[in-house]
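Engineer: Quick one: the structure is below, questions incoming.
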Amino acid sequence: MKRKGLRKALAAAMAMALAAGTMSGCGSAPAKENNAAAEGTSTSQATSAAAGKLDTSKEVELVMYVISDRPAGQDAVDENLNKLLKEKLNCTLKINWIGWAEYANKYPLLFTSGEQFDMAYSATWLNFVSLAQKGAFKSLDELWPTYAPNNFAATSEEAKQQATISDHYYCVPALHATYNAYGPLYRTDIMEGTDWDGKMETFDDIEKYCDIVKETHPEMEPIDQYSTAPELQYLYMKSQGMAELSNGVRYLWYDPSEENPKVFSNYDYEGTPAFLDKMATWNQKGFFSKSALSDTDSTKIQNGKAALKIHNTETYKGLAISHPEYKLAYSNMEKSVAHLPYTQDCMTISNNSKNPERAMAFWELLTSDQEVYDAFMYGVEGTSYKLNDKGQFEITDPDVYNTNAMWAGVTDSLNRDQNGTPDSYTTMIDGFEAGIKSGEGKEKYVGFTFDTSGVETEIAACGNVQQQYWWPLELGYTDASTALADYQSKMETAGIDKIKEEAQKQLDAFVASQK
Amino acid sequence: MERKGVTMGKHLSNFTKEVKKNKALFIMAAPAVLLVLVFAYLPMSGLIVAFKNYRYDLGVFGSDWNGLANFAYLFQSGTGWLITKNTILYNLLNLVTSQLLAVLIAIFITEMNSKIFKKVSQSIIFLPYFISWVIVGVFVYNIFNYETGILNNLLASAGVDPVNVYSMPGVWPWIICVFNSWKWCGYNSVIYIAAITGVDSQIYEAASIDGANIFKRIRYITIPSIKPTVVTMLLLQVGRILRGDFEMFYQIVGNNGQLFDATDVIDTYVFRSLLQNSNIGMTAAASFYQSVLCFVIIMVVNTVIKHIDEEYALF
């Protein structure tokens, strides 16, 4: 009698273990069926006129994940948008937020938990490529051209190339061009009354500027440097026209102007010792704190504690709008301006989405309908934003609602400028676009993505060495004459040569495919 | 074979007899056992991820096996031993200092006569426990910052050259140890205070009548009576010796590579290595490695203690 009870209990425990197993497995099985179903229907639809076939008779709720903190005024925005969506597509949209404090842990778990949702924001900095390689997203080969034909047509070939991982489309990139421009953004208000020549084109100019800051505003740190990766060498390499292998691998470089570029590392580059000498001088002069790498204050330039920051044009625009009194200026030092990878911001569809067709149709609507776009991006006109006579938008209260965090939705043809955007920014961006020639310089390599799946161990180890030995070297904390060799030997034991070899192989294959 | 079966059967029938006898007790224990099973034992099946090339579309059980490849990055550049050594040494140092201080504080507090002073000082010592490591990290930076830190300001006013503490890895184990003790000793002392309060006050009275002074009373009564508590506390702490207090190290040291050789523990190394590439298999491998080593350490320590005095052993 009792023994039977025990056996039963054991069986129950086993059943629970099995249940746990199938639970984690179920993310895949139904998804596969869905996929097959979608392919079946869409191929038949592709032959007959495509998009009109979408069945919208049933009302559905689409769930979208974005990375950001939920704005206080989101409810009003949702209500307004859902009224529109209900009428146009018989659906409503529910946005879920993953906060800044937890995204690094929570975001990858989205795809393991088996949770039902339809769309998610993704990006290079959220490891889009590696997640796609590991099968986190639904293939969009059929869905995208069928249910979002205009979006598909508007997406450039380079962008499609990047959305393709292992021969399938896994994301819809933003219809928004971003540029690899990089350089110092710096305050000019503090230069008034000094003999500054106003030039900011080279590292020597930065040095002159910082000397003056040090002299006239000793309470400020000339360069905004805190505990994240220093940007100085990155900018230096870019100013020399070199391209980094990928966003996560900033210690391997190639020269895009060469016919068949060779991959090389920080210590292979001939300019490195001279650059490090310069940094040692900057450190001596106190251009950044000697304890900068332990400083967690990321808002030094915003709060007037630093004078110059090395970053991209979007940071410049944001700061120029919020702090017009600083009279910020920007100088691009990137030698070969090109578009950034289009997967910088993109939309992915979940493996276990119940309504992938409707989700894609929503995306089509969002990226082609001004009314929906405004309601999605800026909120309720008159309440959360106002339009001025130039068609620029102005956020009423940024603490209540400040544009949608689904950056992948930003569409250049529908996008509005923000009130207060400096003219210099607009002319600069126009200049970039005009200067880019397809297939030349870095633009030729926009479609190149480094597939890290074979060398993940080495990348994890090298990333560590980079942080432990290169960052202090770059900021002149350690003596370059000995520390550079030390860095090299540590990188070699960490397996940099294997990454280099793999990168060279992929780069050669890419170059060959471009001919 | 046969005999084994017989003993198995015997054990089982003993067990069922036991159940029959103490039905009520078993029913009362059941929810707790179930909770432990569901939340501590079942999730262990997830450990197999450490040996798999995890793919989101295939799930935990469907992904392909890839042997020990996930463990490779831990030892790729020889850092595996360094961080294991650091983790163990830091924990030993912190274990000894924070427990020793806690015992001292507990004795001082119980020997105090003024009730108000006793309560006030106990609260003040306890307070750091409520301060999060994030805030402590800011304290540390503001003390040791080269340009504007308190330390260098003091040195400057004393006419001494400033020191760049952030380029001296050797002093960091002590800095970390000081802050760790400062944060934990108040909390730990509460347990010892409870143990000391539990000692029969008649013993103290008898001792003072016989002429024992305060130091003798502490030496011969207090310390022997709290020895079991100290041993249990030590054993409990040993169990987490392979787990670096991630928050403490991360907030105090942060991204400062110059200090890594002296301050890197397993948790911080894994965090840094994998922040870039969200490889679930590699993270699982790291915690698997920690768990196995923890298990070994607990078993060894427990056996040693058992040999010395069986009563003090955990199991």
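Engineer: Please go through segment A:453-474 and pick out each residue that is in a loop (DSSP other than H, G, I, E, B) and either in contact with a Cys (Cβ under 6 Å, 6 or more places away or on another chain) or at the interface with chain B (Cβ under 10 Å from one of its Cβ atoms) (or both).
Structural biologist: The answer is A:SER453, and nothing else.
Engineer: Just the residues that are polar (S, T, N, Q), under 26 Å from B:PHE139 (Cα atoms) and either outside any loop (DSSP other than H, G, I, E, B) or away from chain B (no Cβ under 11 Å) (or both), please, taken from segment A:279-312.
Structural biologist: If the condition is that a residue be polar (S, T, N, Q), under 26 Å from B:PHE139 (Cα atoms) and either outside any loop (DSSP other than H, G, I, E, B) or away from chain B (no Cβ under 11 Å) (or both), then A:ASN283, A:GLN284, A:SER294, A:SER298, A:THR299, A:GLN302, A:ASN303 are the ones that fit.
Engineer: Among the residues of segment A:309-323, how many are within 21 Å of the chain's Cα centre (by Cα), closer than 20 Å to A:PRO398 by Cβ and of a type in the set (Ser, Thr, Tyr)?
Structural biologist: 2
Engineer: For segment B:147-170, does any single residue satisfy the condition of being within 24 Å of B:THR229 (Cα to Cα) and either among the polar types (S, T, N, Q) or in the same structural domain as B:ILE214 (by TED's automatic domain parsing) (or both)? Write out each step before concluding.
Structural biologist: Just the residues of segment B:147-170 that are within 24 Å of B:THR229 (Cα to Cα), to begin with: none.
No.
Engineer: May I ask you to say which residue of A:LYS106, A:LYS88, A:LYS94 is among the basic types (Lys, Arg) and within 14 Å of another protein chain (Cβ to nearest Cβ)? Give the derivation first.
Structural biologist: Details: A:LYS88 fails: within 14 Å of another protein chain (Cβ to nearest Cβ); A:LYS94 fails: within 14 Å of another protein chain (Cβ to nearest Cβ).
Just one listed residue meets the conditions, A:LYS106.
Engineer: Under the condition of being in contact (Cβ under 8 Å) with a residue 12 or more places away in the chain and outside any strand (DSSP E or B), which residue from segment A:391-401 is surrounded by the fewest Cβ atoms within 10 Å (Cβ to Cβ)?
Structural biologist: Within segment A:391-401, the match that is surrounded by the fewest Cβ atoms within 10 Å (Cβ to Cβ) is A:GLY391.
Engineer: Test B:TYR146 against the stated conditions and say whether it is within 12 Å of chain A (Cβ to nearest Cβ) and crowded, with 20+ Cβ neighbours inside 10 Å. Break it down stepwise before answering.
Structural biologist: On the way: within 12 Å of chain A (Cβ to nearest Cβ): yes; crowded, with 20+ Cβ neighbours inside 10 Å: no.
In short, no.
Engineer: Now for a separate question. Which members of segment A:224-241 meet the condition of being in a loop (DSSP other than H, G, I, E, B), more than 14 Å from chain B (Cβ to nearest Cβ) and small (Gly, Ala, Ser)?
Structural biologist: The answer is A:GLY241, and nothing else.
Engineer: In addition: Out of all the residues in segment A:199-220, which are assigned to a loop (DSSP other than H, G, I, E, B) and under 20 Å from A:HIS323 (Cα atoms)?
Structural biologist: A:HIS217, A:GLU219, A:MET220
Engineer: Which of (1) under 27 Å from the mean Cα position of the chain (by Cα); (2) among the small types (Gly, Ala, Ser); (3) crowded, with 21+ Cβ neighbours inside 10 Å does A:SER289 not meet, given it meets every other one?
Structural biologist: Only one criterion is unmet by A:SER289, namely (1).
Results for (1) in contact with a Ser or Thr (Cβ under 9 Å, 6 or more places away or on another chain); (2) modelled with pLDDT under 95, shown as yes or no for each residue.
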{"position": "A:ALA123", "(1), (2)": "yes, yes"}
{"position": "A:SER130", "(1), (2)": "yes, yes"}
{"position": "A:GLN133", "(1), (2)": "yes, yes"}
{"position": "A:PHE152", "(1), (2)": "yes, no"}
{"position": "A:SER156", "(1), (2)": "no, yes"}
{"position": "A:ALA163", "(1), (2)": "yes, yes"}
{"position": "A:HIS168", "(1), (2)": "yes, yes"}
{"position": "A:VAL172", "(1), (2)": "yes, no"}
{"position": "A:GLY183", "(1), (2)": "yes, no"}
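Engineer: One residue is enough: does segment A:313-320 have a residue meeting the conditions touching a residue at least 24 places away in the same chain (Cβ under 8 Å), in a loop (DSSP other than H, G, I, E, B), surrounded by fewer than 20 Cβ atoms within 10 Å (Cβ to Cβ) and not assigned by TED's automatic domain parsing to the domain that holds A:VAL129?
Structural biologist: No, the conditions are met nowhere in segment A:313-320.
Engineer: Among the numbered criteria (1) away from chain A (no Cβ under 13 Å); (2) touching a residue at least 24 places away in the same chain (Cβ under 8 Å), which one does B:ALA156 miss?
Structural biologist: (2)
Engineer: For segment A:209-258: of the residues being hydrophobic (A, V, I, L, M, F, W, C) and free of Cβ contacts under 8 Å to residues at least 24 places away in the same chain, which is nearest to A:ALA461 (Cα to Cα)?
Structural biologist: A:TRP253
Engineer: Same structure, new question: I'd like to check something: does segment B:224-244 contain any residue that is surrounded by fewer than 20 Cβ atoms within 10 Å (Cβ to Cβ), within 14 Å of chain A (Cβ to nearest Cβ) and touching a helix residue (DSSP H, G or I) at 6+ places or on another chain (Cβ under 7 Å)?
Structural biologist: No.
Engineer: If B:ILE88 satisfies all but one of (1) more than 11 Å from every other protein chain (Cβ to nearest Cβ); (2) closer than 26 Å to B:SER273 by Cβ; (3) surrounded by fewer than 11 Cβ atoms within 10 Å (Cβ to Cβ); (4) not aromatic (Phe, Trp, Tyr), what's the number of the condition it fails?
Structural biologist: That leaves (3) as the condition not met.
Engineer: Might you check whether a residue that is within 10 Å of another protein chain (Cβ to nearest Cβ), modelled with pLDDT of 85 or more, in a helix (DSSP H, G or I) and closer than 30 Å to A:THR493 by Cβ occurs anywhere in segment B:59-69?
Structural biologist: There is at least one residue in segment B:59-69 that is within 10 Å of another protein chain (Cβ to nearest Cβ), modelled with pLDDT of 85 or more, in a helix (DSSP H, G or I) and closer than 30 Å to A:THR493 by Cβ.
Engineer: With the requirement that a residue be crowded, with 18+ Cβ neighbours inside 10 Å and facing chain A (nearest Cβ under 9 Å), what does segment B:34-54 give you? Break it down stepwise before answering.
Structural biologist: Going residue by residue through segment B:34-54, those that are crowded, with 18+ Cβ neighbours inside 10 Å are B:49-54.
Passing the criteria: B:ASN53, B:TYR54.
Engineer: Kindly evaluate B:GLY257 against the criterion of being in the same structural domain as B:SER189 (by TED's automatic domain parsing) and touching a residue at least 40 places away in the same chain (Cβ under 8 Å).
Structural biologist: no
Engineer: Show me the helices (runs of 4 or more DSSP H) entirely contained within segment B:247-315 in which 3 or more residues are over 22 Å from B:TYR166 (Cβ atoms), over 17 Å from the mean Cα position of the chain (by Cα) and of a type in the set (Val, Ile, Thr).
Structural biologist: Where helices (runs of 4 or more DSSP H) fall fully within segment B:247-315 and carry at least 3 residues being over 22 Å from B:TYR166 (Cβ atoms), over 17 Å from the mean Cα position of the chain (by Cα) and of a type in the set (Val, Ile, Thr), they are B:280-308.
Engineer: Follow-up question, since we're still on this one. So which of A:TYR326, A:TYR373 is more than 14 Å from chain B (Cβ to nearest Cβ), at pLDDT 90 or above, surrounded by fewer than 24 Cβ atoms within 10 Å (Cβ to Cβ) and more than 22 Å from the chain's Cα centre (by Cα)?
Structural biologist: A:TYR326
Engineer: Next question, about the same structure. If I filter segment A:207-224 down to residues being under 12 Å from A:TRP282 (Cα atoms) and of a type in the set (A, V, I, L, M, F, W, C), which single residue comes out as surrounded by the most Cβ atoms within 10 Å (Cβ to Cβ)?
Structural biologist: Across segment A:207-224, the extreme among qualifying residues is A:ILE223.
Engineer: For segment A:376-390, which residues satisfy the criterion of being under 24 Å from the mean Cα position of the chain (by Cα) and farther than 21 Å from A:CYS171 by Cβ?
Structural biologist: Result: A:TYR378, A:GLY379.
Engineer: Kindly indicate whether A:GLY114 is in contact with an Asp or Glu (Cβ under 8 Å, 6 or more places away or on another chain) and either surrounded by 17 or more Cβ atoms within 10 Å (Cβ to Cβ) or farther than 30 Å from A:ASN332 by Cβ (or both).
Structural biologist: So A:GLY114 fails the test.
Engineer: Checking the condition within 21 Å of B:GLY198 (Cα to Cα), in contact (Cβ under 8 Å) with a residue 60 or more places away in the chain and in the same structural domain as B:VAL253 (by TED's automatic domain parsing), which residue from B:VAL103, B:VAL140, B:VAL134 passes?
Structural biologist: B:VAL103
Engineer: What is the one condition in (1) under 23 Å from the mean Cα position of the chain (by Cα); (2) closer than 17 Å to B:PHE260 by Cβ; (3) touching a residue at least 60 places away in the same chain (Cβ under 8 Å) that B:VAL171 does not satisfy?
Structural biologist: For B:VAL171, the failing item is (3).
Engineer: Considering only residues of segment A:295-308 that are in contact (Cβ under 8 Å) with a residue 24 or more places away in the chain and within 25 Å of the chain's Cα centre (by Cα), which is nearest to B:MET168 (Cα to Cα)?
Structural biologist: Here the answer is A:ASP295.
The values are calculated or read from the model by the stated rules, or taken from the named source; none is laboratory data. Just so you know, these numbers come straight off a predicted model, no measurement behind them. No Cβ is skipped: glycine too gets one built from the backbone with ideal geometry, and neighbour counts run over all protein chains shown.
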